[in-house]
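Engineer: One structure coming up, written as structure tokens, with questions to follow.
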Amino acid sequence: MSKLIKGAVVPRPIAWVSTVSQDGIRNLAPFSFFTVASMSPITLCFSVGSVDKDKDTLENIRETKQFIINVVSESLANQMHESSKEYDSNVDEFEMAGTEFEEGDFVSVPRVKQSPVHMECELDRVIEIGEGNLVLGKLVGYHIQDDVYEETDKVNPHKLKPVGRMAGDYSYIQDFFPLPNDHLPK
């Protein structure tokens, strides 16, 4: 059933979550069960699976109460994939993924420098659901690259070039259309 659900709930945006341990070890991991939970206050959420023990990401968030969601653009897809691998908790995953970092402005967590959008969050709560954990974080800081920002409070999706998850594969999200639209198949 898992593959049927993952294959039908597509495309899924990817939260490339950066955290830091209490010992200062940088962690970076992608999660494709990700969305906006509320706009007032702005709250983002993503799901972390935990079968035997907490992933480093979840453990770090529980300890520090902070994280950053970095948007994955096409140019970062390979680095994102590298960060999806299992590493010991004492390994700097920014280094393993070959990504540059810069410090967050509102939380004490590094962000992926090349990412077009960063959303700095403070932990609101973690909800345990079955074998998973839903992490909810209140937005405390937002960064967007100038070339992706458009007009007042708009993101240009063509310049953002986000990568999505399609079951086991990934997708580019490149084609957009307005509704209503008489040119769509009937």
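The values are calculated or read from the model by the stated rules, or taken from the named source; none is laboratory data. What you see is a predicted model, and the numbers here were worked out from it, not measured in a lab. Positions of Cβ are backbone-derived with ideal geometry, glycine not excepted, and every protein chain shown enters the neighbour counts.
Here is a yes/no grid of residues against (1) over 24 Å from Val148 (Cα atoms); (2) at pLDDT below 95:
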| site | (1), (2) |
| --- | --- |
| Val17 | no, no |
| Arg26 | yes, no |
| Cys45 | no, no |
| Glu63 | yes, no |
| Gln66 | yes, no |
| Ser84 | yes, yes |
| Met96 | yes, no |
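Engineer: Quick test of your reading of the structure: Asp175 fulfils all but one of (1) in a strand (DSSP E or B); (2) exposed (fewer than 13 other Cβ atoms within 10 Å of the Cβ). Name the failing condition by number.
Structural biologist: (1)
Engineer: While we're on this one: Using beta carbons and a limit of 9 Å, which pairs, at least six apart or on different chains, have the first residue in region 68-93 and under 15 Å from Val17 (Cα atoms) and the second one part of a helix (DSSP H, G or I) and among the hydroxyl-bearing types (Ser, Thr, Tyr)?
Structural biologist: These pairs meet every condition: Glu93/Ser83.
Engineer: Give me the pairs, please: first residue somewhere in region 105-128 and assigned to a loop (DSSP other than H, G, I, E, B), second residue anywhere and modelled with pLDDT under 95 and of a type in the set (A, V, I, L, M), beta-carbon distance under 6 Å, and either six or more positions apart or on two chains.
Structural biologist: Filtered contacts from region 105-128: Pro116/Leu160.
Engineer: Check Val71 against each of (1) out of contact with any Pro (no Cβ under 8 Å at 6 or more places or on another chain); (2) surrounded by 15 or more Cβ atoms within 10 Å (Cβ to Cβ) and name the one condition it does not meet.
Structural biologist: That leaves (1) as the condition not met.
Engineer: Out of all the residues in region 140-166, which are assigned to a strand (DSSP E or B), under 24 Å from Pro11 (Cβ atoms) and among the aliphatic types (A, V, I, L, M)?
Structural biologist: Ile144, Val155, Val163, Met166 - these are the residues of region 140-166 that are assigned to a strand (DSSP E or B), under 24 Å from Pro11 (Cβ atoms) and among the aliphatic types (A, V, I, L, M).
Engineer: Moving on. Of all residues in region 106-129, count the ones that are closer than 12 Å to Gln66 by Cβ and touching an Asp or Glu at 6+ places or on another chain (Cβ under 9 Å).
Structural biologist: The qualifying residues number 6.
Engineer: Could you please let me know if Asp23 is of a type in the set (Asp, Glu), surrounded by 16 or more Cβ atoms within 10 Å (Cβ to Cβ) and either out of contact with any Ser or Thr (no Cβ under 7 Å at 6 or more places or on another chain) or touching a residue at least 24 places away in the same chain (Cβ under 8 Å) (or both)? Talk me through it step by step, then tell me what you get.
Structural biologist: On the way: of a type in the set (Asp, Glu): yes; surrounded by 16 or more Cβ atoms within 10 Å (Cβ to Cβ): no; either out of contact with any Ser or Thr (no Cβ under 7 Å at 6 or more places or on another chain) or touching a residue at least 24 places away in the same chain (Cβ under 8 Å) (or both): yes.
Considered against the rule, which asks whether it is of a type in the set (Asp, Glu), surrounded by 16 or more Cβ atoms within 10 Å (Cβ to Cβ) and either out of contact with any Ser or Thr (no Cβ under 7 Å at 6 or more places or on another chain) or touching a residue at least 24 places away in the same chain (Cβ under 8 Å) (or both), Asp23 comes out as no.
Engineer: (1) surrounded by fewer than 17 Cβ atoms within 10 Å (Cβ to Cβ); (2) touching a residue at least 40 places away in the same chain (Cβ under 8 Å): which one isn't true of Pro157, the others all being true?
Structural biologist: That leaves (2) as the condition not met.
Engineer: Picking from Lys55, Lys65, which residue would you name as being at positive phi and either surrounded by 13 or more Cβ atoms within 10 Å (Cβ to Cβ) or hydroxyl-bearing (Ser, Thr, Tyr) (or both)?
Structural biologist: Exactly one of Lys55, Lys65 is at positive phi and either surrounded by 13 or more Cβ atoms within 10 Å (Cβ to Cβ) or hydroxyl-bearing (Ser, Thr, Tyr) (or both), namely Lys65.
Engineer: Taking the conditions exactly as written (part of a strand (DSSP E or B) and at pLDDT below 95), does Gly137 satisfy them or not?
Structural biologist: Answer is no for this residue.
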